[in-house]
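Peer 1: Below are the structure tokens for one structure; questions will follow.
Throughout, read-outs are computed from the coordinates displayed, never taken from laboratory work. Just so it is clear, the structure is predicted and the values come from calculations on it, not from any experiment. We place every Cβ from the backbone using ideal geometry, glycine too, and count neighbours over all the protein chains shown.
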Amino acid sequence: MRILVTGGAGFIGSHLVDGLLAEGHEVSVYDNLDEQVHGATSQPPQYLSPEAAFVKGDVRDVDQLLATIRKHRIEAIFHQAAAVGVGQSMYEPRRYVDVNCVGTASLLEALMQSGHRVERVFVASSMSIYGEGSYSCPSHGLLDVDVRSPEQLSRREWEVRCPSCSAVTIPAPTSEDKRLRPTSIYATTKRDQEELVLEFAAAYGLRAVALRYFNVYGPRQALSNPYTGVMAIFLARLFNGKSPVIFEDGLQGRDFVHVSDIVKANLLALGANLEGQSVFNVGRGEAVTIMDVATSLAEIVGVEISPETTNRYRAGDIRHCVADIDNIRLALGFSASVDLRSGLRRYVESVRGAEAFDRTETAMKELMTRGLILGDEDD
Ligand code: UD1
């Protein structure tokens, strides 16, 4: 097929481009080479396959999108372009809404104007749209909880409690039918991206799949971007001889999935020819704590650096979220191939020796001056 990947020069997008090319598709990449991710450059990154046609463009530019769709006679779109960063989205709400929501709406408008040659759209959604994951209370069963209250957080009671009996809850697999309760501007824009695509597709009779990525990691994740996922941030610290800085107590759990498994899920979705509109979680279905991530990374990098636990809270953070992967397994036959330990090893080897500016402290200050990190001095 002739396929367009928006955000195709980015971390996930570029791996997806490789996967699509390997399956024999004709791939065009549309990407603005955002400076926060790529540094100041007008050239696509070296890792981007020369077999893909590259178009430098803004996802809010309907005319350029339309011209690209027409010129390359696009049949399917993988929409991966987005501003990514929970903390940053809380003090740049307008940019996040603009790039993510207006960008998606612009893509849909271009698609409509192109005369519907495009039949299928795949949108990169996110676990962030759930807000807190699902939990189970020993007495009250499965719960749909609110975010932790400021009072609870100021007491540093990190675990989620049952609203009925206040018992400490146990994280449960989060399935696609859980109510969506984004807790950050970023997450809200990811929900909007998903819903815009699905609603548009339903109205125009297009086939669409939203893949809700859990915490993705792997080669090409921008090491010097302090707003990216926690693993890249921790590696930038470790490569600079500094301790990873851990929010809360480090026992918060996430479902980390290697980027090659995200590609696998996308390729399965493309091959499955699903009718209508569908939504799937993409994770491993297993949780790991942030503390474990920090210590495993230090061990693999080969440094004796212990993480620094702050007992502080980052606004917008959830405590636990792990994917229920039953639906994607049944519908697409997906299960993750890369276990965390070997995934981490592969990741560390791929970035060893790479330039890694540690900008964590500046990013942390940005959040602190805006009251977005709550800790001792604020109490
Ligand atoms: C969020 C989004 C997710 C997105 C990812 C990357 C939510 C719930 N999820 O995930 O969709 O893909 O960001 O932008 O909004 N942490 C530290 N120290 C650090 C950095 C992070 O302890 O230096 C902790 C955080 O407090 C959090 C965990 O690590 O508890 C994971 O953080 P992060 O990698 O930013 O991802 P999420 O917030 O889970």
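Peer 1: Take the Cα pairs of segment 1-72, get the Kirkwood Rh, then feed it into Stokes-Einstein at 4 °C and 1.567 mPa s and tell me D in µm²/s. Each step should come with its number before you reach the end.
Peer 2: Numbers: Rh = 12.2 Å.
D, rounded to a whole number, is 106 µm²/s.
Peer 1: Could you calculate the FRET efficiency of N311 with A331 from 1/(1 + (r/R0)^6), where r is the beta carbon distance between them and R0 is 41 Å, rounded to 0.05? Each step should come with its number before you reach the end.
Peer 2: Numbers: r = 42 Å, r/R0 = 1.02.
Using R0 = 41 Å, I get an efficiency of 0.45.
Peer 1: Any idea what log10 I(q)/I(0) is at q = 0.14 Å⁻¹ for the chain, Debye with uniform C-alpha scatterers and no solvent?
Peer 2: Once normalised to I(0) and log-transformed, intensities are -1.25.
Peer 1: For the chain, find the longest principal axis of its Cα atoms and tell me its angle to the long axis of helix 290-301, 0 to 90°, nearest 10.
Peer 2: Roughly 70 degrees between the two axes.
Peer 1: Quick one: pull the percentage of alpha-carbon pairs in segment 120-261 with a separation above 24 Å.
Peer 2: Numbers: 4461 of 10011 pairs.
It works out to 45 percent of all Cα pairs.
Peer 1: So what is the calculated 222 nm ellipticity per residue for the chain, using -39500 (n - 2.57) for each DSSP H run with n of 4 or more, over all residues, to the nearest 500 deg cm²/dmol? The partial results should precede the final answer.
Peer 2: Working: 14 runs with 135 residues, N = 379.
That comes out to -10500 deg cm²/dmol.
Peer 1: Working only with C-alpha atoms, what are the Rg and Dmax values of segment 73-178, expressed in angstrom?
Peer 2: 19.5, 58
Peer 1: Moving on. Determine Rg/Rh for segment 317-379; Rg is computed over alpha-carbon atoms and Rh is the Kirkwood hydrodynamic estimate from the same atoms.
Peer 2: On the way: Rg = 18.8 Å, Rh = 16.3 Å.
Taking Rh as the inverse mean 1/r over Cα pairs, Rg/Rh reads 1.16.
Peer 1: Something else about it: Could you state, as a whole-number percent, how many of the C-alpha pairs of segment 140-205 are farther apart than 14 Å?
Peer 2: Working: 1497 of 2145 pairs.
Roughly 70 percent, once rounded to a whole number.
Peer 1: Can you tell me the 0 to 90 degree angle between the C-alpha axis of helix 11-22 and the longest principal axis of the chain, rounded to 10?
Peer 2: It works out to around 40 degrees.
Peer 1: Quick check of the Kirkwood formula: for segment 252-292, what is the inverse mean of 1/r over all pairs of different Cα atoms, in Å? Mind dumping the intermediate values first?
Peer 2: Numbers: mean 1/r = 0.0843 Å⁻¹.
Computed over segment 252-292, the radius equals 11.9 Å.
Peer 1: In whole angstrom, note down how far apart the Cα centers of segment 1-48 and segment 153-203 are.
Peer 2: Answer, in whole Å: 30.
Peer 1: Turning to a different aspect of this structure: Please go through segment 296-379 and write out the trypsin sites (Lys or Arg not before Pro) that DSSP classes as loop and that have at most 13 other C-beta atoms within 10 Å. Provide the component values of the computation, followed by the final result.
Peer 2: Details: sites: R312, R314, R319, R329, R341, R345, R346, R352, R359, K365, R370; in loops: R312, R319, R352, R359, R370.
Filter output for segment 296-379: R352, R370.
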